[in-house]
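**Student:** Below is the structure I would like to discuss, written out as structure tokens.
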Amino acid sequence: MIVPIHILLCEADDDDALRIVARLLRDGVAATHERVEDAESVAAALRQRPPDIVFSDYRMPSLTAHDVLRLLHDTAPDIPFILVSGQVGDERAAALMRAGARDFVSKNRLSRLAPVVRRELHEAECRHQRRQAQDALRESEQRLRLYAENAPDIIFRLRLAPRTRVEHVSPAAAAILGYAPEDLSGDPRRLLGLVHPADRDRLERSWRSPRGEPLLLRWRGPDGATVWTEQRATGIRDDDGRLLAVEGVLRDVTAQVRAQRERERLERRLRQAERLESLGRLAGGLAHDVNNLLGVILGNAELALDALPEDAPGRAGVERIQQAAERGEALARRLLASGDAHPPGAAGAGPAPETDLNAVVEETIDLLRPTLAGDVEVVTRLAGGLPAVGIDRTGLEHVLINVLVNALAAMPDGGRLTVETARGDGGARLTVSDTGHGMPAEVAERAFDPFFTTRERGTGLGLCTARGTVEGAGGRATLDSRPGSGTTVHIRLPAAEAR
């Protein structure tokens, strides 16, 4: 059933009024109407039965279109006003349009009237819906402020249309993030600037399509500390489904996140300890076979040296084979002793070791030099007067070989390998730097993990066992790396007398 619209027709001529209504009916616009021709009748009609649309002639004996517009603005400014008149000059028509008239239809072209009516009624309905949405927003704001002031969580409101703006941040922001609400309101870039760069895109996307799902975010406090919050947000939409604003809650979950990370760290340490225990058992089983093979190599090297004159061209190579085999034999003995519960220097484990760091560096580099590609430059900067360090010599050689081999593998196309020693707090420092491809942060964090490797061939145990040896001697091993900037390994060793 079609409900007819109601028209207030300000017209002094009965015939013109009938022609207007008849034309609308012919063009499919069902309508009832009330004709008035003075100001008092207009005011009474607007009070008693507000029309859907107002038509008015430009001038009547006791009423003008300007009079009707003024009354309409005072009573019902959203009702569309259409000027339906005879000849009206452009200047007069423009003045009425500026005063609030929606359109002008000439009485000689009433065929335009029905399309104009349909358009204005549609626009009036849109304005009504927008006003309802705005009223809903205002009511929502009032409800939000009722409970936001004393809530333990941060409550916020972000307007998205017509422009993005942070309209409200509750006082809890000062306690959780360390910033006053007024410092976070207004331009959303103020708020986004405090979010961890890796979380900003996720936060903005959550504002554009809020689903109420929890979103974990990192924030930077005034003191530089990281604050973790969990966001839950919901969208405010108009009747057409357009997103107008977002309201949400930020809950402080820093303590929970830190506790979870600590649990994960302890679980990783436990898994690492279990793997290393398995590695120790495996090493003990293999060390016997390795030791037997090295014994054969050493025996043959000694026979070859006995048979070669002192000035023989190949004698130096055989001597290097013998030296390498002797080092390998010492490593095998270390593997065999890996199950011993006594740390170096402890009671029952013999005297505490005293090792010349610079001498081990020079000998190890000499040992590896024949394997270096011609386009790898080796630079050594060894400080004089270093104290002897409290680490087994064989263990230190093992550490250095692993670090150097990893550095060389990172420079397949050549580069510079720099080895430095220096005095440190209570001992000495060893630094190995390469100019290789480097590692992203997530890879560098796992470089010392057991069985972790980025190479196609390898066990992933080199750096892990190297760190274990250093820490077993009371030292510390760390790593700095960035993609395209190479890698630097820092090793700090205690002085022998400090152990």
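**Student:** For the stretch 466-499, which positions are closer than 19 Å to V405 by Cβ and polar (S, T, N, Q)? Let's see the steps before the verdict.
**Tutor:** So in the stretch 466-499, the residues closer than 19 Å to V405 by Cβ come out as 466-470, 477-481, 486-491.
If the condition is that a residue be closer than 19 Å to V405 by Cβ and polar (S, T, N, Q), then T469, T478, S481, T487, T488 are the ones that fit.
**Student:** What residue, among those in the stretch 25-44 that are out of contact with any helix residue (DSSP H, G or I) (no Cβ under 6 Å at 6 or more places or on another chain) and not in a strand (DSSP E or B), is most open to solvent (accessible area, probe 1.4 Å)?
**Tutor:** Of the stretch 25-44, the ones out of contact with any helix residue (DSSP H, G or I) (no Cβ under 6 Å at 6 or more places or on another chain) are 25-26, 28, 30, 32, 37-38, 40-41, 44.
Restricting the remaining residues to those that are not in a strand (DSSP E or B) gives 25-26, 28, 30, 37, 40-41, 44.
Numbers: L25: 101, R26: 171, G28: 61, A30: 42, E37: 69, E40: 150, S41: 40, A44: 24 Å².
Across the stretch 25-44, the extreme among qualifying residues is R26.
**Student:** Take the residues in the stretch 248-268 that are under 19 Å from P152 (Cα atoms) and not β-branched (V, I, T); name whichever of them is surrounded by the fewest Cβ atoms within 10 Å (Cβ to Cβ). Outline the logic, then answer.
**Tutor:** Taking the stretch 248-268 and keeping what is under 19 Å from P152 (Cα atoms), we get 248-257.
Next, only the ones that are not β-branched (V, I, T) stay: 248, 250-252, 255-256.
Working: G248: 20, L250: 24, R251: 16, D252: 19, A255: 9, Q256: 12.
Looking at residues that are under 19 Å from P152 (Cα atoms) and not β-branched (V, I, T), I get A255.
**Student:** Have a look at A44, A114 and point out the one that is among the small types (G, A, S) and without any contact (Cβ under 8 Å) to a residue 12 or more places away in the chain.
**Tutor:** Working: A114 fails: without any contact (Cβ under 8 Å) to a residue 12 or more places away in the chain.
Of A44, A114, the one residue that is among the small types (G, A, S) and without any contact (Cβ under 8 Å) to a residue 12 or more places away in the chain is A44.
**Student:** What do you reckon, is V399 at pLDDT 90 or above and open to solvent by less than 60 Å² (accessible area, probe 1.4 Å)? Spell out the reasoning first.
**Tutor:** Details: at pLDDT 90 or above: no; open to solvent by less than 60 Å² (accessible area, probe 1.4 Å): yes.
Considered against the rule, which asks whether it is at pLDDT 90 or above and open to solvent by less than 60 Å² (accessible area, probe 1.4 Å), V399 comes out as no.
**Student:** Continuing with the same structure: For the stretch 160-169: of the residues being free of Cβ contacts under 8 Å to residues at least 60 places away in the same chain and part of a strand (DSSP E or B), which is surrounded by the most Cβ atoms within 10 Å (Cβ to Cβ)?
**Tutor:** V169
**Student:** Would you confirm whether any residue within the stretch 239-247 is farther than 22 Å from A136 by Cα and open to solvent by 60 Å² or more (accessible area, probe 1.4 Å)? Give the derivation first.
**Tutor:** The initial filter retains those residues of the stretch 239-247 that are farther than 22 Å from A136 by Cα, namely none.
No - not one qualifying residue is present in the stretch 239-247.
**Student:** Only one of (1) surrounded by 16 or more Cβ atoms within 10 Å (Cβ to Cβ); (2) part of a helix (DSSP H, G or I); (3) at pLDDT 85 or above is not met by Q272, so which one is it?
**Tutor:** Result: Q272 fails condition (3) only.
**Student:** Of all residues in the stretch 471-480, how many are out of contact with any Phe, Trp or Tyr (no Cβ under 8 Å at 6 or more places or on another chain) and surrounded by fewer than 21 Cβ atoms within 10 Å (Cβ to Cβ)?
**Tutor:** Keep residues of the stretch 471-480 that are out of contact with any Phe, Trp or Tyr (no Cβ under 8 Å at 6 or more places or on another chain), which gives 471-476, 478, 480.
Narrowing further to those that are surrounded by fewer than 21 Cβ atoms within 10 Å (Cβ to Cβ): 471-472, 474, 476, 478, 480.
Of the residues in the stretch 471-480, 6 are out of contact with any Phe, Trp or Tyr (no Cβ under 8 Å at 6 or more places or on another chain) and surrounded by fewer than 21 Cβ atoms within 10 Å (Cβ to Cβ).
**Student:** Just the residues that are within 23 Å of V246 (Cβ to Cβ) and charged (D, E, K, R), please, taken from the stretch 86-145.
**Tutor:** Once the filter is applied, which keeps residues that are within 23 Å of V246 (Cβ to Cβ) and charged (D, E, K, R), the stretch 86-145 yields R130, R131, D135, R138, E139, E141, R143, R145.
**Student:** Moving on to the next point. Among the residues of the stretch 35-58, which ones are of a type outside the set (A, V, I, L, M, F, W, C) and under 17 Å from D14 (Cβ atoms)?
**Tutor:** Within the stretch 35-58, the first condition is being of a type outside the set (A, V, I, L, M, F, W, C), and the residues that meet it are 35, 37-38, 40-41, 47-52, 56-58.
Answer for the stretch 35-58, where residues must be of a type outside the set (A, V, I, L, M, F, W, C) and under 17 Å from D14 (Cβ atoms): R35, E37, D38, S41, S56, D57.
**Student:** Checking L144 against (1) modelled with pLDDT of 85 or more; (2) surrounded by 15 or more Cβ atoms within 10 Å (Cβ to Cβ), which single condition isn't satisfied?
**Tutor:** Only one criterion in (1) modelled with pLDDT of 85 or more; (2) surrounded by 15 or more Cβ atoms within 10 Å (Cβ to Cβ) is unmet by L144, namely (1).
**Student:** Only residues that are of a type in the set (D, E, K, R) and touching a strand residue (DSSP E or B) at 6+ places or on another chain (Cβ under 9 Å): list them for the stretch 41-52, please. If you could, list the steps in order and put the result at the bottom.
**Tutor:** Just the residues of the stretch 41-52 that are of a type in the set (D, E, K, R), to begin with: 47, 49, 52.
Result: R49, D52.
**Student:** Still on this model: Please specify each residue of the stretch 170-199 satisfying the condition of being β-branched (V, I, T) and either on the phi > 0 side of the Ramachandran plot or open to solvent by 10 Å² or more (accessible area, probe 1.4 Å) (or both).
**Tutor:** I176
**Student:** Residue under question is L83, and the condition is that it be surrounded by 18 or more Cβ atoms within 10 Å (Cβ to Cβ), among the hydrophobic types (A, V, I, L, M, F, W, C), within 14 Å of V117 (Cα to Cα) and more than 57 Å from the chain's Cα centre (by Cα); does it hold? Before the answer, list the steps.
**Tutor:** On the way: surrounded by 18 or more Cβ atoms within 10 Å (Cβ to Cβ): yes; among the hydrophobic types (A, V, I, L, M, F, W, C): yes; within 14 Å of V117 (Cα to Cα): yes; more than 57 Å from the chain's Cα centre (by Cα): yes.
Judged against the criteria, L83 is a match.
The values are calculated or read from the model by the stated rules, or taken from the named source; none is laboratory data. Values in this document were obtained by computation on a predicted structure and should not be read as measured data. Positions of Cβ are backbone-derived with ideal geometry, glycine not excepted, and every protein chain shown enters the neighbour counts. For the accessible areas, the whole protein counts, side chains as well, though only heavy atoms, and no ligand, DNA or RNA atoms are used. Shrake-Rupley method; radii C 1.70, N 1.55, O 1.52, S 1.80 Å.
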